[in-house]
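Scroll down for the structure; my scribbles are underneath it.
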Amino acid sequence: MRKKLNIRTSAYFALFVCVITIFGCSTKKVTREQIEWSRFRWEQESATDKPRILFIGNSISVGYFPIVSAQLNETANCDHYATSRSVEDPAFFKETKMAMGKYNHQIIHFNNGLHGWHLNDKQYEEGLRKYVRFLMKKKANNCQLVFSLSTPYPSKKENIKLNEEMNPVVLERNRIAMKVMSDYDIPVIDLYVLVEPKLEKYSIRKGDLHYKKEGYELMAGKISSKILELMGIESKSLTEAEIDQGW
């Protein structure tokens, strides 16, 4: 009787250890912002007559997405997943999977860099590499990935263009992203270089990370042009002068 009891006790103990190992080791504290947000949009959700393109990004993508979608309207149906999630957040991966759904996107355009400020350079690179591998595993076989670099972090101080503390972080993250994308042969769109020369002209206000319509139009033209190139379609990118003239 005692022997059976010992065997049973040992079995329960082994089960307890397994449960602790599985759930305890997989539990990781995730640092999040005070307010986290995500939004999803699938345009012409049931349509199958055109290729589908998925855009993944932060609030900057909320600004340029409607313009890009309109510019690509005759060529593709565009979907959008915008979020404040950092590249270390498991929710970022789960929500991305939901955004990808069963749509077999031909192109996935993504960016992540202006959130998750708690991450150091090493953690950012590890998270970004993990996310790229995730996309490559989950995407449709013929899907092309393309990454956009993060836009500048402006300063609120008079006569100072770029935030002296935060913009160097953006630059380093862009450098890391360039290296990661090169390793995986993923094309890169440089939105930083595009808007930085006249940042204060395009910023919605001094020190704000967001942009006026003209700024988003400039980004959208660059992104649309690259996407059409990847699809093998010739396009005409709007120049800054044309943006100024209201084209």
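Check the straight Cα-Cα distances from K213 and name the lysines below 16 Å, setting aside those fewer than 8 residues away within the same chain.
Partners within reach: K198, K201, K222.
Around D183, what is the net charge, scoring Lys/Arg as +1 and Asp/Glu as -1 over all other residues with Cβ under 15 Å from its Cβ?
Spelling it out: positives minus negatives among the neighbours equals +2.
Given H placed on each backbone N at 1.01 Å, which residues far from Q144 in sequence or on other chains put an amide H within less than 5 Å of it?
I107, I108
Run through region 100-129 and list the trypsin sites (Lys or Arg not before Pro) located in a DSSP loop whose Cβ has at most 13 other Cβ atoms within 10 Å.
Answer in residue order: K102.
Excluding residues fewer than 8 places away in the same chain, name every one of the aspartates and glutamates whose C-alpha is closer than 20 Å to that of K97.
Straight-line reach from K97, under 20 Å: E36, E43, E45, D79, E88, D89, E126.
Under the Karplus relation 6.51 cos²θ - 1.76 cosθ + 1.60, θ = phi - 60°, what is the ordered set of whole-Hz ³J(HN,Hα) values for region 82-88, x standing for Gly and Pro?
Listing the rounded values in order: 10, 7, 9, 4, 8, 6, 8 Hz.
Karplus couplings for region 167-176 from phi (6.51 cos²θ - 1.76 cosθ + 1.60, θ = phi - 60°), rounded to Hz, Gly and Pro as x?
5, x, 5, 4, 4, 5, 5, 5, 5, 4
Enter the mean projected area of the convex hull around the alpha-carbon atoms of region 37-244, in nm², rounded to one decimal. Could the numbers behind the result be given before it?
On the way: hull surface 45.0 nm².
Hull-based average projected area comes out at 11.3 nm².
If R₀ is 25 angstrom, what is the calculated FRET efficiency for the pair W37 and K156, using the beta carbon separation as r and rounding to 0.05?
0.60
In whole Hz and in residue order, list the ³J(HN,Hα) couplings for region 100-109 that follow from phi through the Karplus curve 6.51 cos²θ - 1.76 cosθ + 1.60, θ = phi - 60°; x for Gly and Pro.
So the J values, rounded to whole Hz, are 5, x, 10, 7, 6, 4, 7, 9, 10, 9.
Tell me which residues come under 5 Å, amide H to amide H, from N112 once H is placed; ignore anything under 5 positions away on its chain.
Residues meeting the amide H criterion: none.
Let me check I've understood the local charge: for V146, count other residues with C-beta under 10 angstrom from its C-beta, Lys and Arg +1, Asp and Glu -1. What total comes out?
Once all neighbours under 10 Å are counted, the net charge is 0.
For L162, list long-range residues whose amide hydrogen, built 1.01 Å from N in the peptide plane, is under 5 Å from its own amide hydrogen.
Answer set, sorted by chain and number: S155.
Bear in mind that the values in this text are calculations on the coordinates, not laboratory data. Note that this is a predicted model, so its numbers are computed, not measured. Positions of Cβ are generated from backbone atoms using ideal geometry, with glycine treated the same way; all protein chains shown enter the neighbour counts.
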